[in-house]
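Report on the structure given below.
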Amino acid sequence: MDTIFDSIKDIALKIDNAIKNSDLGYSQSSNSSGEDQLKLDVQSDLIIEQTFKSVPSIKAIVSEEKEGISVLHENGTYTVCYDPLDGSSLVDVDLSVGSIFGIYEDTLDGDGLVASAYVVYGPRIELVICKRGKKPIHYRYMGGQFAQIGEITLNDKGKLNAPGGTQQNWTPIHKNFIDSLFKEGYRLRYSGGMVPDLHQILLKGGGLFSYPATSDKPNGKLRQLFEVLPFALVYESAGGMAIDDKGGSLLSLKPSFVHDTSPCFFGSRYEIEALKKAYGV
Ligand code: AFP
């Protein structure tokens with residue numbers, strides 16, 4: 001497994017270089033969800049695939065940018081599901097973006113998720129690695145290497161509120177709940193990139209990130225295998241909670257197909273318990 005994390009460090013440097021130096025235009029193609037692909041999305045996807053090809057423990061890969069499962073090494077152990085460049089629509093305005101990796105063994109669901117990692121491309125390159133049963137570890141690239149900063153632990157209650165989705169499409173229950181957090185003094189922190197938004201909540205002690213079911217996206221927007229499950233493992237391992245809108249742990253999710261989505265809520269214990277009460281779940 002450590003070979004996979006070493007290759008993710010390598011990938012992080014290559015994608016960071018591509019973000020800083022490559023063409024920001026659109027490619028001729030769209031991804032499996034019908035979204036137009038930036039050349040950078042395609043390039044990042046290629047960087048990851050090429051790098052993982054030399055890691056024998058990786059049996060297969062599933063990319064947010066592609067349709068199905070690609071087998072790399074028949075005798076490998078893990079399937080890595082990844083979003084090569086999440087939030088790529090923010091690159092042209094120079095906001096932070098990220099890569100997300102879920103490492104699965106046996107089954108592509110919450111039970112099969114054995115580790116996850118994400119990279120933040122911001123003013124610095126940051127990396128968080130989380131092995132199941134252990135605290136997430138935070139690294140920062142400095143002096144030519146990824147230096148370990150420390151373990152991540154969420155406080156029981158935070159101050160930040162990151163509410164995703166278009167407000168006019170929220171349910172009244174969700175809108176009332178988000179308003180109630182602001183009335184309690186929570187501060188709005190939402191860039192539109194889930195990697196930096198969730199990373200900020202983790203490092204600033206806590207709060208809530210939500211992407212609910214909306215009238216236009218009844219099953220939420222964020223994809224289970226590449227976005228929701230990897231971050232659910234990080235939040236739960238940091239002492240927080242990660243649930244869907246029925247109150248169940250996101251780690252119990254069993255995607256029906258590789259690009260399946262789910263409403264999702266990640267946060268400290270206080271905010272998630274308050275959300276459960278508001279939703280009556
Ligand atoms: P893009 O990759 O299309 O920029 O989408 C980013 C994202 O998947 C996730 O990173 C954000 O949290 C979420 O979408 C933002 O969606 P809303 O703009 O609907 O809140």
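All of the numbers you see were taken from the coordinates with simple rules; none came from a lab. Everything numeric here is computed off the predicted structure, so don't read it as measured data. Quick reminder, even Gly has a Cβ in these numbers, built from the backbone with ideal geometry, and neighbours come from all protein chains shown.
With point charges of +1 on the Cβ of Lys and Arg and -1 on the Cβ of Asp and Glu, referenced to the Cα centre of the chain, which listed residue (160, 235, 21) lies farthest in the positive direction of the dipole?
160
Taking only DSSP H segments of four or more residues, each worth -39500 (n - 2.57), what value at 222 nm results for the chain once the sum is divided by all its residues, to the nearest 500 deg cm²/dmol?
-8500 deg cm²/dmol, from helical runs alone.
If the chain between residue 147 and residue 1 were fully stretched, how many nm would it gain, using 0.36 nm times the residue separation less the Cα-Cα distance?
Length gained, residue 147 through residue 1: 50.7 nm.
Pop the C-beta distance of residue 94 and residue 246 into the FRET formula with R0 = 35 Å and round what comes out to the nearest 0.05.
For R0 = 35 Å, the calculated efficiency reads 0.40.
Over its Cα atoms, what ratio of radius of gyration to 2.2 N^0.38 Å does the range 160-279 give?
Here the answer is 0.95, to two decimals.
Could you tell me the calculated FRET efficiency between residue 187 and residue 269, based on Cβ-Cβ distance and R0 = 22 angstrom, to the nearest 0.05?
0.70
Given an 8 Å cut-off on Cα distances and at least 6 residues of separation, report the relative contact order of the range 160-279 as a percent.
Normalised by residue count, the contact order of the range 160-279 is 28 percent.
Along the Cα→Cβ direction, 7 angstrom out, place labels at residue 278 and residue 140. What is the inter-label distance in nm?
Computed distance between label sites residue 278 and residue 140 equals 3.2 nm.
Can you list residues from other chains, or at least 5 along the same chain, whose modelled amide H is less than 5 Å from the amide H of residue 253?
For residue 253, whose amide H was placed from the backbone, the distant partners under 5 Å are 110.
Average projected area of the Cα convex hull of the chain, in nm²?
Here the figure is 13.8 nm², rounded to one decimal.
Taking H as built 1.01 Å from N, whose amide H comes closer than 5 Å to the amide H of residue 27, not counting residues under 5 places away?
37, 38, 39
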